[in-house]
1. Looking at the P(r) of region 56-131, how many percent of alpha-carbon pairs lie beyond 19 Å?
2. Give me, ordered by chain and number, the residues 5 or more places off residue 283 or on other chains with an amide H under 5 Å from its own placed amide H.
3. For region 214-372, calculate the relative contact order in percent as a whole number, restricting contacts to Cα pairs under 8 Å that are 6 or more residues apart.
4. Please express the shape of region 232-339 as an equivalent ellipsoid: the semi-axes are the square roots of 5 times the eigenvalues of the C-alpha gyration tensor, given largest first in whole angstrom.
5. What lysines could a cross-link reach from residue 360, if we take a straight Cα to Cα line under 23 Å and drop same-chain neighbours fewer than 8 places away?
6. May I ask you to evaluate 6.51 cos²θ - 1.76 cosθ + 1.60, the Karplus curve with θ = phi - 60°, for each residue of region 295-301 and list the ³J(HN,Hα) values in order in whole Hz, giving x for glycine and proline?
7. Expected output is a single nm value to one decimal: the length gained when fully extending between residue 96 and residue 140, i.e. 0.36 nm times separation in residues minus the C-alpha distance. What is it?
8. Can you give the accessible area of residue 256 in Å² (nearest 10), computed on protein heavy atoms with a 1.4 Å probe?
Amino acid sequence: MGVVAEQVESASVDADGYIGRIPVRNLWLLMLYASDLFRTRGIGNVGLEDNPDDLPDLVAEILAHAVEVRQRRRLNLGYRSRDAVLNRVRGRIDVLSTERHQLLDRGLVACRFDELTIDTPRNRFVRAALETISRIVRRKDVSHRCRSLASGMKTMGVSGYAPTRAQMSTDRFGRNDADDRLMVAAARLAFDLALPTEAAGMNVLNLSEREATWVRRLFEKAVGGFYDVALQPQGWRVRCGGTLGWQIEQKTSGIDKILPTMRTDVVLDHAPSGRRIVIDTKFTSIVTSGWYREETLRSGYVYQIYAYLRSQVGRGDPLADCASGLLLHPSIGDAVDETVVIQGHGIRFATVDLTASPGKIRSQLLNLCGPALH
């Protein structure tokens with residue numbers, strides 16, 4: 001799993017605010033970079049790298065403001081399915097239940113119908129986020145504001161049962177509820193900020209394999225989110241989670257079922273300079289022990305980034321013909337930044353120190369977009 005992953009998985013949050021040797025505030029910074037709120041609200045320019053400990057308070061304020069705006073216009077309603085025994089037909093008749101309980105003899109009928117309600121998964125999610133983040137903010141006035149809004153939503157009829165992330169992943173925004181985007185984006189980040197902490201035990205949390213997997217994905221999303229916000233004003237185009245196609249000349253009928261898909265984490269294009277950087281993030285140590293030497297790069301990762309680059313050459317895309325690659329790993333206190341040019345493609349092997357100051361983390365990420373060879 002690697003040094004970083006092992007540190008995260010085996011450790012708990014200690015009294016000084018660390019998970020293993022990774023400061024919790026740096027995890028908060030990664031969560032910010034990975035969040036929709038970072039993109040939609042433009043809060044990447046308010047100096048949070050200098051003081052990320054203020055991040056929960058800022059997110060709480062944004063969430064509270066968004067909820068207040070929505071309450072003034074009335075929270076969006078939604079439909080939910082209900083089963084009920086009524087004295088008149090509403091929706092569809094449940095014939096089986098009606099006959100089984102002989103409801104018609106009593107002038108009743110079992111019905112299934114859709115009911116308009118304020119108790120939607122989206123509103124429950126936001127109410128739960130307000131309650132959650134109120135426990136980790138430092139400012140008492142902000143905490144009280146969040147609790148009051150959550151209590152107000154309860155009075156309106158929003159229950160306390162929070163939907164799962166799987167349930168929220170199916171939530172879609174229509175034309176009439178686009179104003180909810182900011183509110184939900186802030187709510188998602190509020191939940192994420194609370195993950196490394198536990199209100200009842202003052203920052204004690206044992207991370208299982210599930211949470212270690214979450215941190216690996218967080219690192220990938222954070223890198224893409226950071227570059228999306230930081231580089232676009234400089235003329236870069238940022239694509240996250242794209243796929244690359246093989247240059248197939250002939251194939252058998254069953255190859256499509258077993259041929260692996262090339263899926264990139266982040267691709268950076270800068271048309272004015274003719275540069276393309278294909279980034280693949282990993283959550284393992286950048287080197288491992290070798291057969292004949294103490295440390296060596298992981299051969300599978302090198303083959304992977306090489307395939308990403310060479311497989312796209314000669315397809316009519318000038319940026320692909322001279323693209324460079326970046327294998328990006330997190331590290332704990334050490335630094336690696338080495339480059340090799342293979343068949344005209346620069347391949348860079350670099351680390352980001354997750355124990356460094358937030359400002360240093362930002363500088364490291366930005367420097368990786370500069371020239372690789374010095």
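The values are calculated or read from the model by the stated rules, or taken from the named source; none is laboratory data. Since this is a predicted model, take the numbers as computed values, not measurements. All Cβ positions, even for glycine, are placed from backbone atoms using ideal geometry, and neighbour counts span all protein chains on display. Protein only, heavy atoms only, side chains kept; ligands, DNA and RNA dropped before computing areas. Shrake-Rupley method; radii C 1.70, N 1.55, O 1.52, S 1.80 Å.
1. Within region 56-131, distances greater than 19 Å cover 54 percent of Cα pairs.
2. none
3. Relative contact order for region 214-372 comes out at 17 percent.
4. Three semi-axes, in Å: 26, 22, 12.
5. 221, 282
6. Ordered by residue, 3J(HN,Hα) equals 9, 8, 5, 6, 4, x, 5 Hz.
7. 10.3 nm
8. Result for residue 256: roughly 100 Å² accessible.
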